[in-house]
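A short worksheet on the structure shown next.
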Amino acid sequence: MEVRRTVPVALDVDSDDAVLLEDTVDTFLWSAQYVVDHAFEGESVTSSKTTLDDETYDDVREKTDGFNGGLVQAARNKAAEACKSVVTRWKHGKKASKPTFTSPHVVYDHRTATFHDDHVSLATTDGRIEADYVLPDEDSDTPHSEYLFSDEYETTGAELHYRDGNWVLHIHCKKGVEADTSEQETTGNGTVLGVDLGVNNLAVTSTGTFWTGDEFDHWRREYEKRRGSLQQCGTRWAHENIQSVGRKEEGRFKLMMHRISNELVAEARENECAVIAFEDLTDIRERTGASWGHKWAFDRLYEYVEYKAEEYGIDVKQVNPENTSRRCSHCGFTHPDNRAGEEFECLKCGYENHADYNAAKNIGLRYLRRNQTGSDGGAPLGVRLNSGMVNVNGGYSSASPEARTGVHAESHRFSGG
């Protein structure tokens, strides 16, 4: 099993090298867009990296005056992945348009970047440049010391990002680890933790733990007010402060998502779950009426839970969210009028509960139905609840006397079944 981490490192780039990097970003994005445009020219969209390489590599090199071959291939890979995503959405009946690349970045690997202890060498449109890392204090406990400079991790590549005049290298690290058999004994039992995401409650689990959106919404409004006040000034100072507010906002919300993801993974471990099941995030804004800020939070939360759960052998999956908020998790009856705001009452069997909690149970049950194979060797297959566990056929078993009733910070536990 592999454990992967990404460590953002600010770079100290002088003005001449910055010009080269800006040109490299522009050329990289142009190359990726050229490949996408070519992929969309035929009757069907081409997403094969090999085919796109054969059909575009020489053209891109010629039209970019010999752009670095490794970066051309990285741009092709980026384009192929974007095309594949579009094709996948079409296959599932979703809307998707031809990708466009506007976010300033470049993808590097070991052919195009050399990583040193205190600096990096990067390929550009005109040879290589070297840039020093801007690092925190050596004694501080940071991802840099834990992953980037650890003998246990190897560097596999990076993405260079440019934002608000700053260059940041997102360095990818990985290490191979042996599976912990004692951990497998506790998590390899087919038990699922369902997770519902939303606006009023950022996350709700099938075990009845709620992470409310109150703090998130409070700070989102505060930062919007600050930006609004600064925009009225219209000065250069105000513009620089708007950028600073944006960085603080992103930093605060990332810490919040890290905290919630840690608690979610802990919830799965404490309940001996082998899988954490989320709803598919593809169209979550349309389904929930969420803002772009909420969509960003959902994506980050899923990303953080995914890599943190991996350390403990817990799988993180997404399932089709259709009707999970309208379906009765008790009897299976599905109707739009079952749900009214945050209240759920089944029109058929009369089951009542919090709507998000009911949805979280349905998400877990949908994963079980999709993946039940009968080859688990007799291991229990069920969705973990606070009061016990329910299996795919509706069978219920109560929790042990030691079942937890604790409360997380910034969350609350719901004791319904």
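The values are calculated or read from the model by the stated rules, or taken from the named source; none is laboratory data. Predicted model, so just to flag it, every value in this text is computed and none were measured. When we count neighbours, we look across all protein chains shown, and the Cβ atoms used for this are built from the backbone with ideal geometry, even at glycine.
Numbers below:
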| quantity | calculated |
| --- | --- |
| Hey, residue 246 modelled with pLDDT under 70, within 23 Å of the chain's Cα centre (by Cα) and small (Gly, Ala, Ser) or not | yes |
| Test set (1) crowded, with 18+ Cβ neighbours inside 10 Å; (2) of a type outside the set (S, T, N, Q); (3) in a helix (DSSP H, G or I); (4) touching an Asp or Glu at 6+ places or on another chain (Cβ under 9 Å) - residue 28 fails condition number | (4) |
| Close pairs from segment 11-36: first touching a residue at least 24 places away in the same chain (Cβ under 8 Å), partner surrounded by fewer than 16 Cβ atoms within 10 Å (Cβ to Cβ) and outside any helix (DSSP H, G or I), Cβ under 6 Å, at least 6 apart | 12/132; 12/134; 20/126 |
| Extreme residue, nearest to residue 17 (Cα to Cα), among residues of segment 150-165 that are in contact with a Lys or Arg (Cβ under 7 Å, 6 or more places away or on another chain) and charged (D, E, K, R) | 154 |
| Count - residues of segment 93-109 that are farther than 24 Å from residue 59 by Cα and in contact (Cβ under 8 Å) with a residue 12 or more places away in the chain | 1 |
| Filter pass, residue 56 being hydroxyl-bearing (Ser, Thr, Tyr), without any contact (Cβ under 8 Å) to a residue 40 or more places away in the chain and within 30 Å of residue 149 (Cβ to Cβ) | no |
| When residues of segment 115-129 are limited to those that are over 15 Å from residue 67 (Cα atoms), in contact (Cβ under 8 Å) with a residue 12 or more places away in the chain and not hydrophobic (A, V, I, L, M, F, W, C), the one surrounded by the most Cβ atoms within 10 Å (Cβ to Cβ) | 119 |
| Members of segment 324-349 found to be hydroxyl-bearing (Ser, Thr, Tyr) and either over 21 Å from residue 199 (Cβ atoms) or in contact with a Phe, Trp or Tyr (Cβ under 9 Å, 6 or more places away or on another chain) (or both), listed by number | 325, 329, 334 |
| Flag if residue 44 is in a loop (DSSP other than H, G, I, E, B), of a type in the set (Ser, Thr, Tyr) and within 26 Å of residue 254 (Cβ to Cβ) | no |
